[in-house]
Amino acid sequence: MEKVRPGTDAARQLDGYVMSTLFYEPSTRTRLSFEAAMAKLGGSVVSTENAREFSSVAKGETLEDTIRTVEGYSDVVVLRHYLAGSAKAAASVAAIPVLNAGDGPGQHPTQALLDVYTILREVGKVNDVRIALVGDLANGRTARSLAYLLSMYSNVKMYFVAPDVVRMGEDIKEFLDSKGVDWEEASDLKAVAAEVDVLYQTRIQKERFQDRPEDYEKARGKFIVDSKLMDILPRKSVVMHPLPRVDEITPEVDADPRAAYFRQTRNGLKRLQVTAQQTALFFGQVWPEQSSS
Ligand code: CP
């Protein structure tokens, strides 16, 4: 899809199709990248952000009834919801495809796709990669989905570095064991950082601790990526983060070429690399090299 250019047939392939984005939780990257992708492919979008407040959910409508309604207006639903399993529940009543854009502390599969794509671009391989998943691994759906997806590659080594109150779920560890994936839990981020190709940092998800704020206090600030940690990270390794971040990567790291997290977010919707020559051709202008050949 990186090769799709404005004005071409490829950029019209979703002409006449409508995507609905139903977001029950906040989002910047996921919702806007889906909507921009639809626009770039010639389709249209109907959208509700903050669906709990700005849709009939506020009047007590169930997710299932909302999906049965929305499918009458669109060809595909992109759903973000606060409950794990909600995308599956929505898909079970929907006659159109439902894309999971994050279901509570469950899964975030499209983030995992762009994460693997980022690893491939940044490290040059996915097989044989050594990756540290760091931070809130209990609630971090991106880390959970990435662990699933990486299990499809060979010889991947995963390190789970998390505060005790938010360790990686048993379901993921059992799944990885069933696939024969090499993983270990670690508590020394410095030692792990010296070993890995990818350090995948995540946010401690404050919104998941509403009934146990004391656990949030135990988890926050425990593992920080700062310039001292970058001194330990190998020269060819990269730092990734699904974003948004709070304080788990300090701003001085942003200038380090190994900080890949803003490149990563752009990989969710590859920016069109339109050259001046392509722009000229699009507007029917003659490019100097053309006229001489
Ligand atoms: N990475 C991610 O899902 O970001 P948003 O919450 O901003 O969509």
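The values are calculated or read from the model by the stated rules, or taken from the named source; none is laboratory data. Since this is a predicted model, take the numbers as computed values, not measurements. With ideal geometry, Cβ positions are generated from the backbone for all residues, glycine too; neighbour counts draw on all protein chains shown.
With respect to being farther than 16 Å from Ser145 by Cβ, out of contact with any Ser or Thr (no Cβ under 6 Å at 6 or more places or on another chain), without any contact (Cβ under 8 Å) to a residue 24 or more places away in the chain and not charged (D, E, K, R), Thr8 fits the description. Looking across the range 21-36 at every residue that is β-branched (Val, Ile, Thr) and near the ligand (Cβ under 9 Å from one of its atoms), the one that is nearest to Val70 (Cα to Cα) is identified as Thr30. Would you check if there is a residue in the range 192-201 being within 25 Å of Arg29 (Cα to Cα), among the acidic types (Asp, Glu) and touching a strand residue (DSSP E or B) at 6+ places or on another chain (Cβ under 9 Å)? Scanning the range 192-201 turns up at least one residue that is within 25 Å of Arg29 (Cα to Cα), among the acidic types (Asp, Glu) and touching a strand residue (DSSP E or B) at 6+ places or on another chain (Cβ under 9 Å). Of everything in the range 1-20 that is hydroxyl-bearing (Ser, Thr, Tyr) and surrounded by fewer than 19 Cβ atoms within 10 Å (Cβ to Cβ), the residue that is farthest from the ligand (Cβ to nearest atom) is Thr8. Note on the range 193-233: residues that are within 21 Å of Pro257 (Cβ to Cβ) and outside any loop (DSSP other than H, G, I, E, B) amount to 12.
Inclusion of Val126 among residues that are free of Cβ contacts under 8 Å to residues at least 40 places away in the same chain, within 16 Å of the ligand (Cβ to nearest atom) and surrounded by fewer than 23 Cβ atoms within 10 Å (Cβ to Cβ) is not warranted. Take the residues in the range 91-113 that are more than 22 Å from Glu64 (Cβ to Cβ) and crowded, with 21+ Cβ neighbours inside 10 Å, then tell me which one is farthest from the ligand (Cβ to nearest atom). Ranking the candidates gives Ala112 first.
When Asn139 is tested against (1) within 16 Å of the ligand (Cβ to nearest atom); (2) within 21 Å of Val165 (Cα to Cα); (3) part of a strand (DSSP E or B), just one condition goes unmet, and that condition is (3).
Applying the criterion of being among the charged types (D, E, K, R) and touching a strand residue (DSSP E or B) at 6+ places or on another chain (Cβ under 7 Å) to the residues of the range 248-272, the residue that is farthest from Leu137 (Cα to Cα) is Arg258.
Do we have Ala84 as modelled with pLDDT of 95 or more and more than 16 Å from the ligand (Cβ to nearest atom) here? No: the conditions fail for Ala84. If you check Glu252, Glu207, Glu185 for being under 30 Å from Ala39 (Cβ atoms) and among the acidic types (Asp, Glu), only one passes: Glu207.
Annotation: of all residues in the range 30-44 being within 22 Å of the chain's Cα centre (by Cα) and surrounded by fewer than 18 Cβ atoms within 10 Å (Cβ to Cβ), the one that is nearest to Pro105 (Cα to Cα) is Leu32.
Yes/no matrix, rows are residues, columns are (1) buried (at least 20 other Cβ atoms within 10 Å of the Cβ); (2) acidic (Asp, Glu); (3) more than 24 Å from Thr118 (Cβ to Cβ):
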{"residue": "Ile172", "(1), (2), (3)": "yes, no, no"}
{"residue": "Asp188", "(1), (2), (3)": "no, yes, yes"}
{"residue": "Gln201", "(1), (2), (3)": "yes, no, no"}
{"residue": "Pro234", "(1), (2), (3)": "no, no, no"}
{"residue": "Leu243", "(1), (2), (3)": "no, no, no"}
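Filtered by the rule that a residue be under 20 Å from the mean Cα position of the chain (by Cα) and at pLDDT 95 or above, the range 48-81 gives Val76, Val77, Val78, Leu79, Arg80, His81. Could you figure out which of (1) closer than 22 Å to Gln205 by Cα; (2) within 16 Å of the ligand (Cβ to nearest atom); (3) touching a strand residue (DSSP E or B) at 6+ places or on another chain (Cβ under 7 Å) isn't true of Ser47? Only one criterion is unmet by Ser47, namely (1).
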